[in-house]
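The values are calculated or read from the model by the stated rules, or taken from the named source; none is laboratory data. Keep in mind the model is a prediction, meaning the values are calculated, not measured. Cβ coordinates were reconstructed from backbone atoms using ideal geometry, including for glycine residues, and neighbour counts include every protein chain displayed. Accessible surface is based on the protein model in full, side chains and every heavy atom, while ligands, DNA and RNA are left aside. Shrake-Rupley method; radii C 1.70, N 1.55, O 1.52, S 1.80 Å.
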Amino acid sequence: NQAKDQFLARMSHELRTPLTSVLGFSKILQETNITEEQVEPIRIINHTSQLLLSIVDDILDYSKLQKNAITLERIDYNIETAMLDILEMQAPMAHSKGLELSLVSSNGRSYEIKGDPTRFKQVFSNLVSNAIKFTDKGSVAISLDIQHISSHQSLIIISVTDTGIGISEQQLNKLFKAFVQADTSITRRFGGSGLGLVIAKALTKLMGGKLEIYSKQGRGTNMTLQIPALSNTELDTGKPNPISDRQPVSDYKENPTPRRAFSQPL
């Protein structure tokens, strides 16, 4: 097992270097005077390289988790802002499928906490991308709440609910097994390493939280993430957060300017 982990880590690094070059040069090509016939092949090169890079990153993270080689940071950040950053990146994919992507947050709450924003974004991004990937029509709705347990501790509760294909009870048991997807046909349809949720759950556990999934086949899926965090006592004054001081629901647009400006109640 140790030799396997070392091999996975080494190969992941070796694969990442040429893939980064492929992505870099494909972007340079897109900025040159290319013909209409070249647009689609370059787009496919860029897209497939990104997919392969995400699989390599999954394998690298999995090998690190197996060796307990991941150390969490503890820095100040705004969790709502972190979520908006991820949703802004995921919005184009949602809109390309005609899906409604929304965030509901508790108005007037302070979301300034201490924790690891990079690992949190990794977990949250995986949950949102999975919801979008397995939803062909309808919506992906995210809710955010934070319970202040004491002046120093908070509990972050995030729910991601989609109207997608759903998962049967039998398939749910396979979700958190490494390199396994709930349905083998999913790999052919959507791709992926089968490690996304395994890594998300492992990182959640590392952060002292828990990840739960409720689903019914054909009726959508709900994923609930609970993570304890240290409150930023200097910023957590009970006063409304400027970022949260708005209507409860934001609708995400591909252009970041209207995305930040547009909000409406349910």
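Can you find a residue in segment 26-45 that is open to solvent by less than 30 Å² (accessible area, probe 1.4 Å), over 21 Å from VAL128 (Cβ atoms) and not acidic (Asp, Glu)? Yes, because at least one residue in segment 26-45 is open to solvent by less than 30 Å² (accessible area, probe 1.4 Å), over 21 Å from VAL128 (Cβ atoms) and not acidic (Asp, Glu). Any residue at all in segment 107-130 that is part of a helix (DSSP H, G or I), under 18 Å from the mean Cα position of the chain (by Cα) and among the small types (Gly, Ala, Ser)? Yes, segment 107-130 contains at least one residue that is part of a helix (DSSP H, G or I), under 18 Å from the mean Cα position of the chain (by Cα) and among the small types (Gly, Ala, Ser). In the set (1) assigned to a loop (DSSP other than H, G, I, E, B); (2) closer than 18 Å to THR204 by Cβ, GLY166 fails one condition alone, (2). In summary, SER159 fulfils each of the numbered conditions (1) open to solvent by less than 30 Å² (accessible area, probe 1.4 Å); (2) modelled with pLDDT of 85 or more; (3) part of a loop (DSSP other than H, G, I, E, B) with the single exception of condition (3). Against the conditions (1) touching a Gly at 6+ places or on another chain (Cβ under 6 Å); (2) over 20 Å from ILE227 (Cα atoms); (3) open to solvent by less than 40 Å² (accessible area, probe 1.4 Å), PHE134 satisfies every one except (3).
Looking at this structure, is ILE132 of a type outside the set (Gly, Ala, Ser) and under 30 Å from HIS13 (Cα atoms)? Yes: the conditions hold for ILE132.
Of the residues making up segment 131-150, those that are polar (S, T, N, Q) and assigned to a loop (DSSP other than H, G, I, E, B) are THR135, SER150.
If the requirement is being under 19 Å from the mean Cα position of the chain (by Cα), touching a residue at least 60 places away in the same chain (Cβ under 8 Å), more than 28 Å from ALA3 (Cα to Cα) and open to solvent by 80 Å² or more (accessible area, probe 1.4 Å), which of these qualifies: GLU80, GLU88, GLU100?
Numbers: GLU80 fails: open to solvent by 80 Å² or more (accessible area, probe 1.4 Å); GLU88 fails: open to solvent by 80 Å² or more (accessible area, probe 1.4 Å).
Exactly one residue qualifies, and that residue is GLU100.
Residues that are over 20 Å from ILE70 (Cβ atoms), at pLDDT 85 or above and crowded, with 19+ Cβ neighbours inside 10 Å within segment 180-237 comprise SER215, GLY220, THR221, MET223, listed in sequence order. In this entry, ASP61 passes the filter for residues that are among the charged types (D, E, K, R), closer than 30 Å to SER143 by Cβ and touching a Leu at 6+ places or on another chain (Cβ under 8 Å). Residues in segment 58-104 that are part of a helix (DSSP H, G or I), under 24 Å from ILE156 (Cα atoms) and small (Gly, Ala, Ser): ALA82, ALA91.
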